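Here's the structure we're looking at; comments come further down.
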Amino acid sequence: MKTQDIIDNNIFKTFLKYVSFNVISMLGMSLYVLADTFFIANGVGKEGLIVLNLALPAFIGGINALGLMLSMGVGTMYSIYLGKNEPNNANSVFTQVMILALFLGSILTVLGITYSKNIIAGLGASGDLIPLANEYIKTLFLFSFAFIFNHIIISMIRNDGNPKLAMIAMLTGSISNIILDYLFIFPLNMGMFGAALATGLAPIISLVILSSHIFTKKNNFKLIKTKVKRSELSKVVFIGIPTYITEFSTGIVLFVFNIVILRIIGDIGVAAYGILANISFVFIAIFIGIGQGIQPIISVSYGAGKMGYIKKILLYASYCTVLISCIFYIIFILYPDPIIAAFNAENDMLLHEIAKQGMRLYFPGFILIGLNIVIISFFSAIAKPRQSFIVSILRGMFLTIPAVLTLPHIWGINGVWLSVPIAELITLIIGVRLIYLYFRYEISDNKIC
C-alpha cells in the first residue's frame, strides 16, 4: 500500500475514491440479500420468507459477525503499522489472523452441521417450518470458511491500496448469487437449499477474483513465519469487537423483534418485518461501506500523526451518510406500494398494510444508524476500542432491546417500529459527546497513540 499517496494526495478525492468503491461493493452485497428475499418469497412462498427471517440471526450474528470483526481488526492494525513504516509487523498480524480464522471457521462448520436443529428451534422455528429452516441453516454453515476468509481478504486488499478490486470481487459475488438464486429456486426447483447454496457460493467466487491481487507485484501483504502472539491478536479482536457487536446485535435484535412480533400479531407480522429487515440491510450495507471506506485513510493518517486529515474525513463521512439516508427515505415514503409488492407474491393485503406502516415509523431511524456506524468505524480505525465499544453496545443491545420489549406495551406494533429510532437517537447523543471529548482532550494533549 502506498501510504504516501493517502498522506500527500487531496484528502477529499481520496475519500471519494475509497468510500465510493466500498459503498458500491457493500450495496452490491446487500442486493443479494434482497435477491434471496425476492426469489424465496416468489419461489417458496410466505413460509420461506418466515424461515429466512428466522434463520438470518444465526448467519448475521455468527458467521458474518466474526468475519467482519476480524476484517476490521486486521485491516486497522495493518494500516497503522504501514503508517509507522513497519511492514514486517503488518504481515505478522495478517498471518496470525488467518490462523485464528481457520480455527473459528472449523468450529462454526462443526456447530452448524451437528446442531442445526437445536439452532433453528432456538430461533423460533416450529412445525412445518423446521425442515425448511434446517436445510437452510446447515447449508449456510458449511460455507463458514468462505464467508470469513472473504471478509478478511477484502479488507486486506482494500488496505493494500486496491479498493477497486475489492469492489469488483464483491459485486461479482453478488451478481453470481442473484443468478444462482434464480437458477436453483426456479428452473431447478431446489427451494431453500438452493437459496442457501447460492449464498454460500458467492464468497468463493469473490475469493477467486481477489486472488488476482495476491499474485501481482502490487501486493504487499503475505503470510510469513511468525509466532502467534496473544497481545497482537487481542489488539485485533478488541479493535474488531465493536464491529462484531454491531453485526451480532443485528442478529439478536432480529431474533427479539421476531419473538415480540409473533406475540403481538403472529406469523404475518414476522413476514412483514422480514420485508423491512431485508430492505434495511441495504441501508446498513451502505453505512458499513462508508465506515470501511474511511478506515484505511484514518488508520494510515493516525499512524502518520495526520490528525487534521482525520477530522476532515469524519466530517465528509457524516455529510455523506445524512445525504444518502435522506434520499433513500424519501424514495421509500413516496413509493412504498411497489417496493412491498415485490416481496408479497401472494398479494396479502394485511401483510402489505403492516409493512407499509412499519416503513413510515422504522426507516427514519436509519439516518441516525448511519451516523452511529460512522462513529463506531472512526474510533475503531484509530484503535480506540473502548469508545467504539460503548457506542456499539448501546445501539446494539443496551437501548434497542429494552425499547422493543417495553414500547409495544404502550403503542402496540407501532412501539416495535419506533424502538429503533428512539434507541439510535440516544446513542447518537452519547457518540457525539465521545467524539467531542476525544478531540478536545486527546488531541490537545498530543495523545496520538
| query | How big is segment 183-290 by the Kirkwood estimate over distinct Cα pairs, in Å? | reply | 18.3 Å
| note | Measure of exposure for GLU135: accessible area at 1.4 Å probe, Å² rounded to 10, is 70 Å²
| task | Return the lysines within reach of LYS356: Cα separation strictly under 28 angstrom, same-chain partners fewer than 8 residues apart disregarded; answer none if there are no such residues. | result | LYS46
| note | Averaged per residue, the 1.4 Å probe accessible area of segment 97-147, protein heavy atoms only, in Å², is roughly 47 Å²
| request: Quick one: among LEU108, LEU27, LEU171, which has the greatest mean-square fluctuation in a GNM of the chain with alpha-carbon springs under 10 angstrom? | output: LEU108
| query | Once the whole set of protein chains is in place, how much accessible area is left on VAL208, using a 1.4 Å probe, in Å² to the nearest 10? | reply | 100 Å²
| field | Positive-end residue, the chain charge dipole about Cα centroid, Cβ charges, pick of ASN189, ALA423, MET349 | value | ALA423
| Per-bin percent of Cα-Cα distances, the chain [10 Å] | 5, 22, 33, 26, 12, 3, 0
| Length released on extending from TRP411 to ILE333, taking residue separation times 0.36 nm less the Cα-Cα span | 25.9 nm
| With all protein chains present, how much of the accessible area of the chain (probe radius 1.4 Å) comes from carbon and sulfur, to the nearest whole percent? | 67 percent
| query | Taking the simple approach of a point 7 Å from Cα along Cα-to-Cβ for both VAL322 and LEU350, what is their distance in nm? | reply | 4.2 nm
| request: Might you report the magnitude of the Cβ-based charge dipole of segment 242-361 about its Cα centre, with Lys and Arg at +1 and Asp and Glu at -1, to the nearest 20 debye? | output: 700 debye
| task | Report the convex hull volume per residue for segment 248-355, counting only C-alpha atoms, in Å³. | result | 110 Å³
| Quick one: what do you get for segment 357-412 if you divide its Cα Rg by 2.2 N^0.38 Å? | 1.35
| When only the heavy atoms of the protein chains count and the probe is 1.4 Å, how do TYR78, TYR319 rank by accessible area, highest first? | TYR319, TYR78
| note | Counting only protein heavy atoms and rolling a 1.4 Å probe, one gets per residue an accessible area for segment 199-347 in Å² of 43 Å²
| query | Could you give me the ³J(HN,Hα) list for segment 177-184, computed from phi with Karplus coefficients 6.51, -1.76, 1.60 and θ = phi - 60°, whole Hz, x at Gly and Pro? | reply | 4, 5, 5, 5, 3, 4, 5, 6
| Just by accessible area at a 1.4 angstrom probe, what is the order of HIS409, HIS213 from largest to smallest? | HIS409, HIS213
| For the chain, built as a Gaussian network whose Cα springs stay under 10 Å, the top-fluctuating residue of TYR316, TYR302, TYR244 | TYR316
| query | With every protein chain present, what accessible area does PHE193 have (1.4 Å probe, heavy atoms only), rounded to the nearest 10 Å²? | reply | 80 Å²
| query | Between ILE214 and LYS13, what length comes free when the chain is fully extended (0.36 nm per residue of separation minus the Cα-Cα distance, one decimal in nm)? | reply | 69.8 nm
| query | Which value in nm describes the separation of the simple spin-label points at ILE259 and LEU183, placed 7 Å from the Cα toward the beta carbon? | reply | 4.0 nm
| query | Assuming R0 = 25 Å, what is the FRET efficiency of LEU223 and VAL110, from their Cβ-Cβ distance, to the nearest 0.05? | reply | 0.55
| query | Under a point spin-label approximation (7 Å from Cα along Cα-to-Cβ), what is the LEU315-ARG433 distance to one decimal in nm? | reply | 2.5 nm
| field | Along each principal axis, Cα extent of segment 295-359, largest first, Å | value | 58, 18, 14
| message | Can you give the FRET efficiency to the nearest 0.05 for LEU425 and LYS117, using r as the Cβ-Cβ distance and R₀ = 60 Å? | response | 0.90
| said: Through the Karplus equation 6.51 cos²θ - 1.76 cosθ + 1.60, θ set to phi - 60°, convert the phi angles of segment 71-85 into ³J(HN,Hα) values in whole Hz; use x for Gly and Pro. | reply: 5, 5, x, 5, x, 5, 5, 4, 6, 5, 5, 5, x, 8, 6
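The values are calculated or read from the model by the stated rules, or taken from the named source; none is laboratory data. Everything numeric here is computed off the predicted structure, so don't read it as measured data. Neighbour counts are summed over all protein chains in view; Cβ atoms, including those assigned to glycine, are modelled from backbone coordinates with ideal geometry. With ligands, DNA and RNA removed, areas are computed over all heavy atoms of the protein, side chains included. Shrake-Rupley method; radii C 1.70, N 1.55, O 1.52, S 1.80 Å.
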